[in-house]
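Structure first, then comments.
Read-outs throughout are calculated quantities, based only on the coordinates presented, and are distinct from any laboratory measurement. Quantities reported herein were computed from a predicted structural model and do not represent experimental measurements. Cβ sites come from the backbone with ideal geometry, for glycine too, and all protein chains shown count toward neighbours.
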Amino acid sequence: MSAEQRLQELKLELPPAPKPAGVYKPALVIDSHVYVSGHGPLRSDGTLITGRVGADLSQEEGYAAARQTGLAILATLQEQLGSLDRISRVIKVLGMVQCTAEFGAQPAVINGCSELFAQVFGADAGVGTRSAVGMHALPSGIAVEIEAMFELIG
């Protein structure tokens, strides 16, 4: 089953592809790779999930923010590539969680995005390397920021 078919089967709603908030490209294709700039948890209504995990948001709410961020990344990929079916595999995910100094479950939060990618691209192709780190602050107070790299089909 293709990524586009899985997206429909899972009844996932992609938000509008976010526009750059500075001087950068949302995604850049070089040879057989696509690099996706940092994305935040953009909802379909254009609002962002904000707050600090461990204070304003629970770990579960952070997970949901990471999943929403993954949906925003998929929206950018779909807009830039024309179809998610051009993706061969996930290579790398870097997840940043705005959190309290005491919060240490950043990997569990970023699983929201990683598990989404595994659902959409498959258990093997949808899982790549990953880092999950805590941050004192993120742009516009967003709860999560994620950047990723993907391999394109031939």
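For TYR24 and GLU4, the difference between the fully extended length at 0.36 nm per residue and the C-alpha to C-alpha distance is 4.5 nm. Over segment 1-89, Cα pairs under 8 Å with separation of 6+ residues give a relative contact order of 36 percent. Counting charges near ARG52 (Lys, Arg +1; Asp, Glu -1) among other residues having Cβ under 12 Å from its Cβ returns a value of -3. Considering all alpha-carbon pairs of segment 42-152, what whole percent are spaced by more than 23 angstrom? Tail of P(r) above 23 Å: 25 percent of Cα pairs.
Angle of helix 59-81 to the longest C-alpha principal axis of the chain, folded into 0 to 90 degrees and rounded to 10: 30°. When the Gaussian network model of the chain links Cα atoms closer than 10 Å, the mean-square fluctuations of GLY141, GLY51, GLY22 top out at GLY22. Our analysis of segment 14-84 gives Rg over Rh at 1.02, with the two radii drawn from alpha carbon positions and Rh computed by the Kirkwood formula. To the nearest ten degrees, helix 106-121 and the longest principal axis of the Cα atoms of the chain are 20 degrees apart.
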